[in-house]
Amino acid sequence: MDLWLLWLIVAAVLAVAEIFTLTAALGMLGVAALVTAVGAAIGLPLPFQLLVFAVVATITLLFVRPLAVRHVLQPQAARFGIDALVGRAAYVVSEVSGLGGRVRIDGEEWTARAYDETLVIPPGKTVDVVEISGTTAFVYPRD
C-alpha cells in the first residue's frame with residue numbers, strides 16, 4: 001500500500017474522531033495528515049513526510065486552533081425576540097401565582113406564572129422574567 005494512501009486514511013480517521021470530540025485538535029492533526037498525504041503523493045521520502053506532518057501539525061495547533069476555539073466560544077452578540085425579554089424587569093398587573101396572572105414587560109402585557117409555584121405575587125410588584133415558554137412568562141419577585 002502506498003504511503004500517501006496511509007496518510008489519507010489517517011486524515012480521515014482523525015476527521016471522524018474530531019466530529020465526536022469537537023476540540024479542534026484532532027481536526028488540525030487531520031489537516032496535517034492531509035498535507036502530508038499530498039507530499040507523499042508527489043514522492044517525498046518518509047523522513048521528509050514526518051517532518052512535513054510535524055511542522056504543519058505544530059503550526060495549526062499553535063496558531064489556527066486558538067483562533068477557531070475563540071471564534072466558537074464567543075458569546076452571542078445580541079438576543080432577539082422572546083430571548084431578549086429573559087432577565088428583564090416586569091410589572092405585575094394582576095396577581096401572579098403558579099396558576100396564572102398578568103405582567104407588563106416593556107409596555108406589553110403577558111400571561112404570567114410564578115417560577116416558584118408556591119409564591120403569590122400581588123399587583124404592583126416588580127418581578128424578573130426568568131423564562132418564557134410560548135406566550136407565558138415565568139417570573140420571580142425581586143425583593
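The values are calculated or read from the model by the stated rules, or taken from the named source; none is laboratory data. Please read all numbers here as calculations on a predicted model, not as lab measurements. In this analysis, Cβ positions are derived from the backbone assuming ideal geometry, glycine residues included, and neighbour counts consider all displayed protein chains.
Select, from ILE82, ILE19, the only residue that is closer than 30 Å to ASP116 by Cβ and aliphatic (A, V, I, L, M).
ILE82
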Requested in this report: Give the number of residues within region 109-135 that are part of a strand (DSSP E or B) and over 26 Å from the mean Cα position of the chain (by Cα).
Outcome: 9
Query raised in the report: Considering only region 70-108, how many residues are within 12 Å of VAL129 (Cα to Cα) and part of a loop (DSSP other than H, G, I, E, B)?
Result: 4
Report summary line: Residue set ARG88, ARG113, ARG102, ARG65; condition without any contact (Cβ under 8 Å) to a residue 24 or more places away in the chain and either among the charged types (D, E, K, R) or farther than 30 Å from THR23 by Cβ (or both); output residue ARG102
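Condition check ((1) at pLDDT 95 or above; (2) more than 30 Å from ALA137 (Cα to Cα); (3) of a type in the set (A, V, I, L, M)) across all residues:
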residue: LEU62; (1), (2), (3): no, yes, yes
residue: ARG65; (1), (2), (3): no, yes, no
residue: ALA77; (1), (2), (3): no, no, yes
residue: GLY87; (1), (2), (3): no, no, no
residue: LEU99; (1), (2), (3): no, no, yes
